[in-house]
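The values are calculated or read from the model by the stated rules, or taken from the named source; none is laboratory data. All values reported here derive from a predicted model rather than from experimental measurement. Please note: Cβ atoms are built from the backbone with ideal geometry, for glycine as well, and neighbour counts cover all protein chains shown. Accessible surface is based on the protein model in full, side chains and every heavy atom, while ligands, DNA and RNA are left aside. Shrake-Rupley method; radii C 1.70, N 1.55, O 1.52, S 1.80 Å.
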Amino acid sequence: MPRRLPSLALAIALALSGTARADEADLRAEVAQLRAELAALRGEVASLRAAQAAPLAAPPAPAASAAVAASSSASAGRTAAAPGAAADVRRVATTSDNATTLTGYGELNYNHPFGDAGASQADLRRAVLGFSHRFDDATRIVAEFEWEHAVTSADDAGEAAVEQLLVEHELHPGLGVRAGLMLVPLGMLNERHEPPTYYGVERNLVETAIIPTTWREGGLALYGNTEGGLTWSAGLTTGFDLSKWDATSGEGREEPLGSIHQELQLAKARDASVFVAGNWQGVPGLLVGGGVFTGKLGQGQDFAGRDARLLLGQVHARWQPGPFDLSALYARGRISGTEALNLTFVGQPSPVPQSFWGGYVQGAWKLWQDGDAAFAPFLRHEWVNTAANYAPVPPGLGAAPAATRRVWTLGANWWLNPAVVFKADLQREPDGDLDRLDLGMGYMF
Amino acid sequence: MKLRWIAALGAVPALHSAYAAVYLSTEQAQRAAFPAATAFVPAEGDAERPALAVWEARDATQRLGWLLVDRVIGRTEEITYALALDAAGTVLSLEVLEYRETHGGEIRLPAWRKQFVGRSAAHPPQFGSDIKNIVGATLSCRHVSDGVAALLQFHARRLASR
């Protein structure tokens, strides 16, 4: 660098003398020379900075490299001489840069039932703000805070909730541990539920009624990925509380697990649950995955459901050949040990089911794409049964199993860019009540 | 039973090691991309891409190609990647050096990175059509694809004539 300084001074002097002569052509030539000098200096600074950010390894053949380095740039020798120091610089630099990131997503929905236009509804379904903050290279905190239905107070329908609050720590590349309030990695929607990432205004029925998205538990988990394309996680967490089951309402019939989830709100925590889940994406464009969650539901409380246990499993696949996006998911839950509890519910409309299940197939087609904007129609068919059977009870005292619901959804997503989506769809249930138009807007960042 | 679980998780901190999320050093990327090179000569970067570092890979007689190390934002975290180009500016390999997002580590998979081999400024990678998406890592895939396309342009503009 020092040898550049005299030449820079010379260039300035030349430029000044050029002005004195007031010869325009000379002046231009000199300015051009100045620019070239400046560009060279800027280049040196940039390569120094870059070398600091990503340290240069000492070249394997010192003799050869020294010759080349000397003939090209003074910075080569300098960076090669101190690779250890440069590595330390990188560690600090990456942690201080952008340590805290603000994230968020939200959606506004409109539902218009054709059979009952008076029930049409517009709703700020949810607004979520979050952040992630990196303490150091290996450790960060991730948090998400959610408001549902716009207004939250004692007299309003809204909810405010902490959706995630966890600390992640990388133990090795490809292996980490997380602790806190975390999303359970079952299904394709629960962990990735931002509106621009799925088709349709409303979240699909299966991953609402069977897998209670947005489903989170407090606990500890290990997560990692392998060179073969497998991403996995396994955890020890809080679970559901069956003492909350209300056999008099229809809530348990609509969302069996959604009605007894705890969301780490003074959660009963005598019985730990465990989960294992994995996704394989070893072939670009293909995703195959599944997971299992199990735990006791009584939480040590003194009631007839004390020994009940949940086992929930699911498998899914998604394939994106060319402009197409095809996916399928199947989930099945089983609650054992409900006999004694259900005897206390005799005569009530919603005892605890022994098994419940759901599945869907979905196809989408990216019909149009222009830069970041895209338009994709889709069709989805879902099957859901929230009470496929009940544990045996004495004849005459049992409840009849639920019928399987079948729902068609035909619609389209229009992405203004990957983070902002407008959606429209029609939902129809041949044997049921669902027959409506949905419109929605969503975003994420 | 429960105690055993908790004891097992208690062993986790013992596995701790520093330098998480760094999968490959620059040195490793240089040697992997140009095993025959005898020198990596730092070259001028690009004022518009402050994180970009450029090395010319040489053997005793000639230029073998270029190694470009740059960063893009995934969703919230930076991804550091190394792009190796032959002397004509065709992609030899793409390596992910650092990846910090919780989801989307699959962009490190050879099968995904191989999609970039053979691309050049004349035939840049196009995300969503010839570069496949990874579910859960759409933004990472898109930004790395865009980053590679920009580096190919940089080569055509600035490196090809050197």
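A Cβ-based charge dipole, computed about the Cα centre of the stretch A:63-444 with Lys and Arg at +1 and Asp and Glu at -1, lands at about 1020 debye.
Each Lys or Arg adds one and each Asp or Glu subtracts one; over the other residues with Cβ under 11 Å from the Cβ of A:A119, this totals -1. Surface composition of the stretch A:63-444: carbon plus sulfur atoms contribute 61% of the solvent-accessible area (1.4 Å probe, protein chains only, all chains present). Among beta bridges from DSSP that stay inside chain B, the antiparallel ones total about 95%. In the complete set of protein chains, residue-level accessible area for A:R192 is approximately 60 Å², probe 1.4 angstrom.
Note that the stretch A:98-210, at 10 °C in a medium of 1.306 mPa s, gets a Stokes-Einstein diffusion coefficient of 97 µm²/s from its Kirkwood radius over C-alpha pairs. For the stretch A:63-444, the number of Lys pairs with C-alpha atoms closer than 29 Å, counting only pairs eight or more positions apart or on separate chains, is 4. Electrostatic bookkeeping for B:P110 treats Lys and Arg as +1 and Asp and Glu as -1; over the other residues with beta carbon under 12 Å from its beta carbon, the sum is 0. Projecting the Cα positions of B:H155, B:W112, B:P42 onto the charge dipole of chain B (unit charges on Cβ atoms of Lys, Arg, Asp and Glu, taken about the Cα centre) puts B:W112 furthest along the positive direction.
Cross-link partners for B:K114 among the lysines, with Cα-Cα distance under 23 Å and sequence neighbours closer than 8 places in the same chain left out: B:K132. Accessible area buried by the pairing of A and B, both sides summed with a 1.4 Å probe, works out to roughly 5600 Å². In square angstrom, rounded to the nearest 10, how much accessible surface does A:E207 have for a 1.4 Å probe? Rounded to the nearest 10, the figure is 0 Å².
Show A:F345, A:F303 ordered by accessible area, largest first, where the area counts protein heavy atoms only and the probe is 1.4 Å.
Of A:F345, A:F303, the descending order of accessible area is A:F303, A:F345.
The mean number of partner chain beta-carbon atoms within 10 angstrom of a residue's beta-carbon across peptide B:42-51 is 6. Taking 0.36 nm per residue of sequence separation and removing the Cα-Cα distance, the A:D123/A:T139 pair yields an extension gain of 2.0 nm. Cα-based values for the stretch A:63-444, radius of gyration first and Dmax second, are 24.5, 96 Å. Of the residues A:D307, A:D155, B:D86, ranked by 1.4 Å probe accessible area with the largest first, the sequence reads A:D155, A:D307, B:D86. Largest first, the residues A:S249, B:S140 sort by 1.4 Å accessible area into A:S249, B:S140. Taking a sphere under 15 Å around the Cβ of B:R162 and counting the other residues whose Cβ falls inside, with K and R at +1 and D and E at -1, yields a net charge of 0. Computed per residue of chain B from DSSP H runs no shorter than four, each worth -39500 (n - 2.57), the mean residue ellipticity at 222 nm is -7000 deg cm²/dmol. For the peptide A:172-182, the mean number of other protein chain Cβ atoms found within 10 angstrom of a residue's Cβ is 4. Here the stretch B:21-162 is assigned +1 on the Cβ of each Lys and Arg and -1 on the Cβ of each Asp and Glu. Its dipole about the Cα centre then comes out at about 240 debye.
Other chains' Cβ within 10 Å of A:125-134 residues: what's the mean?
Mean shielding count: 1.
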